[in-house]
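Student: Take this structure, written in structure tokens, and hold onto it; I'll ask about it next.
Computed from the coordinates by the stated procedures, all read-outs in this text should not be read as laboratory data. All values reported here derive from a predicted model rather than from experimental measurement. FYI the Cβ positions are ideal-geometry reconstructions off the backbone, even for glycines, and counts take in every protein chain you see.
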Amino acid sequence: MSSAAVLPQGAGYGVGIGLFFSAFMLVLTAIQTRYTGFSPKNSEEFSSASRSVKPGLIASGIVSAWTWAATLLQSSAVAYRYGISGPWWYGSGATVQLAAKLKLNAPHAHTWLEIVGARWGTVAHSVFMFFGLATNIIVSSMLILGGSATVTDLTGMNTIAACFLIPLGVCIYVVVGGMRSTLLCDYTHTTVLFAIILTFVFTVYATSPKIGSFSHMHELLTAAAAKNPVPGNAHGSYLTMRSKNGLIFGVINVIGNFATVFQDQAYWQRAIASKPATCVKAYLLGGIAWFAIPFSFATTLGLAAVALTGDPDMQTLTPADVSAGLPAAAAASALLSKGGAAALLVLLFLAVTSATSAELIAVSSILTYDVYKKYINPRATEQQILRVNHLMVGFFAIVMGLAGTIFYYIGVSMGWLYTFMGVILGSAVVPIAICITWRKANKWGCVAGALIGFALGLIAWLVTTSSLNNKVINVTVSDYEMLSGNLASIGVGGIIAVVTSLIWPEDFDFEATRAINAKVHEKIAVPGSDSSSRKVDGSMDGVDEKKRQASASDDVQSVSSEVAAMEEEQELDPVGLKKAYRFASWSSVALTLILLIIIPLPLFFAQTIYGVRGLTAWVVIGIIWTFLSAISVVLYPLWESRRALTQIVRGIVKDTFKPGSGKYVPPAVTTSV
């Protein structure tokens, strides 16, 4: 952008470092450790939250983890380019989920790559690890690029400093708190996210003197289309679903979302952390709630950026600014001056930190369990695994900063990387999906499909880009180049994997994957019971009092995760999980048909240009959806966690009046005979 930053640099550095937020998360982690039975000193708790998280918090975590910088910035950019069709196509891509199948076929896995390794061995494991880590690097780079560009634009902060400082504060609380801390961060972010989005919605459509009503927004958008018609839209209007380029973006977006949903460990991490019986519920709730965020946010600030074009307070947007995802920042500043800029800065900070924490935990899990424990130290102890987890979180925080800096210097924007990710990652979508779900999937066909599809996707993109740009390869956001690369990648990879599996089918029963990390859990005894006393006394014969107390202390530290693990075993009923998977499959198919075909395609072919009533209905539906989403992922988690919250409050009250009396004390532990 051409004009000066709205906020001082200090605001950028304060948000970039985020030490206040890190301190807040550390306090929450300390409270959780003291007043509940969950401690991040246990590796299972650190990486998977003891697989005990309830559906509301998982859904809130899904909403937060999927709300990248691109969710807010790229969705607004496509609304700025294509009109009302852009937000719809952006939000409709994340509809298919395999969480229930993972719980059925590998209930104790830490990563989706462990399933690949157990089923197909080292070669396949290494190949798909490349795609998994590539996904994490691309997603992380988009977070850093979008976050740093917007922070720099709003505050004038040095971009390179932003690239490194953004992951720094996140790294601190992730190392200390682990997965549960990440989910608490997610919930905090989701709560503030919905509050700020609704603030912007009501400002734009109700209170702002610059727009302030549906009729005035319609008037301004109509005038903008008259001056600068949108190429490929019906009559050049912003108020139509008949958008050729919007449809092309929709296809690219769906392929890219499939790639990230199936290959991003951050997605699977929440399935692993969830309770088996409620996993499907959590993912469906989270996916439906998430749709409201890009749809409502972009329909508000993306369209406002168009409507305010020419306003004295609205800065001129270049194509590079749009590619960097800056229309939302420009609109927020024009509407509410420093207040709007500050609100967007906080919103972006929370989106980036929440998604960054998810990526840090995801990559640390892969590097710990799929590299260190699998190939370097198969007999690693609990403490060694936890130490490596911590080191890998710090290591990937540095990698994130470096990746963002590299892409910044070579001129790659968040918008370009978002549409390009399907070219790199799309070829592995079908092979991974059938590896986890289909017993007939052929190992070498899936490996070949992923690699050949990757190569042909790149070739298709290179050839199309060169042909359409006078033999010049560039990194500007474009439609047909990205469409060809995305389609070639996912199409070739999927065809090779499926055809070879039909011709040379395997017959895998998934017993090897169900055995991953399976173990015999300790039994829990009620303190003071005869059987408990006998077993403890018998097991402690010849041990002095201090050693006995130390042993009991060690048992106390791990008891909560053991209780959770035993409860999980009771929930891992194959019949129930198969039923849940069928429900998830049909739900995914139904959502795909509704969001990608039944609603948008008839509107596309109708070539309708919406009047004031049509725009009003479109926005009001988004507002209602946003309110319902907020209830489901902000209020519902509080209700389902009411007992835990009561327990924490009681502990704090006890400590207030009698220090030390409120600390959580678990039941005694005995070993099974």
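Student: Specify whether the C-alpha gyration tensor of segment 451-495 places it in the rounded, prolate or oblate class, a ≥ b ≥ c being the square roots of the eigenvalues: rounded for a/c under 1.5, otherwise prolate if a/b is larger than b/c and oblate if not.
Tutor: The shape class here is prolate.
Student: If a/c stays under 1.5 just call it rounded; otherwise compare a/b with b/c (prolate if a/b is bigger, oblate if not). Do that for segment 188-246, with a ≥ b ≥ c from the square roots of the Cα gyration tensor eigenvalues.
Tutor: oblate
Student: Determine the gain in length on full extension of the stretch ILE459-GLU640; use 0.36 nm per residue of separation and subtract their C-alpha separation, reporting nm with one decimal.
Tutor: 60.1 nm
Student: If R₀ is 56 angstrom, what is the calculated FRET efficiency for the pair LEU593 and LYS654, using the beta carbon separation as r and rounding to 0.05?
Tutor: For R0 = 56 Å, the calculated efficiency reads 0.55.
Student: From zero outward in steps of 10 Å, how is the percent of C-alpha pairs of segment 288-440 spread across the bins?
Tutor: P(r) for segment 288-440, in whole percents per bin: 9, 24, 30, 22, 11, 4, 0.
Student: Using the 10 angstrom Cβ neighbour count as an exposure proxy, how do TRP416, TRP504 rank, fewest first?
Tutor: The order, fewest Cβ neighbours first, is TRP504, TRP416.
Student: So for each of 308-320, 479-491, 68-80 I average, over its residues, the number of other beta carbons within 10 Å; can you give me the resulting order with the highest mean first?
Tutor: Put in order of decreasing packing, that is 68-80, 479-491, 308-320.
Student: How far, in nm, would the chain grow between VAL499 and TYR375 when pulled straight, counting 0.36 nm per residue and subtracting the alpha carbon separation?
Tutor: In short, 41.4 nm is gained.
Student: Here is a further query. LEU601 versus GLN383, label points 7 Å from Cα toward the beta carbon: distance in nm?
Tutor: For the pair LEU601/GLN383, the computed spacing is 6.1 nm.
Student: Something else about it: Taking the mean number of other Cβ atoms within 10 Å as a proxy for protection, how do you rank 458-470, 646-658, 401-413 from highest to lowest?
Tutor: Descending mean neighbour count gives 401-413, 458-470, 646-658.
Student: Continuing with this model, one more query. Order these by the 10 Å Cβ neighbour count, fewest first: LYS244, LYS578.
Tutor: Exposure proxy ranking, most exposed first: LYS578, LYS244.
Student: Hey, another quick one. State whether segment 367-498 is rounded, prolate or oblate according to the following rule on the C-alpha gyration tensor (a ≥ b ≥ c being the square roots of its eigenvalues): a/c under 1.5 gives rounded; otherwise a/b larger than b/c gives prolate, and the remaining case gives oblate.
Tutor: Oblate shape, in that a/c is at least 1.5 and b/c is the bigger or equal ratio.
Student: What order do you get for ILE255, ILE434, ILE398 when you list them from fewest to most C-beta neighbours inside 10 Å?
Tutor: Fewest-to-most ranking of ILE255, ILE434, ILE398: ILE398, ILE434, ILE255.
Student: For a 29 Å ceiling on Cα separation, which of these pairs sit above it: LYS373/LYS579; LYS443/LYS579; LYS281/LYS443; LYS443/LYS578?
Tutor: Violating the 29 Å limit, Cα to Cα: LYS373/LYS579; LYS281/LYS443.
Student: So how much slack lies between SER213 and THR316, counting 0.36 nm per residue of separation and subtracting their Cα-Cα distance, in nm?
Tutor: That works out to 34.7 nm of additional length.
Student: As an exercise, use a Förster radius of 60 Å and the Cβ-Cβ distance of SER126 and SER661 to find the FRET efficiency, rounded to the nearest 0.05.
Tutor: Efficiency, rounded to the nearest 0.05: 0.70.
Student: Calculate, axis by axis, the spread of Cα positions in segment 370-409 along the three principal axes, and write the results as whole Å, longest axis first.
Tutor: Taking max minus min along each principal axis of the Cα atoms, segment 370-409 gives 42, 17, 9 Å.
Student: Here is a follow-up. Translational diffusion coefficient, Stokes-Einstein: compute it for segment 343-423 using the Kirkwood radius over C-alpha pairs as Rh, at 10 °C and 1.306 mPa s, and state it as an integer in µm² s⁻¹.
Tutor: Calculated translational D: 108 µm²/s.
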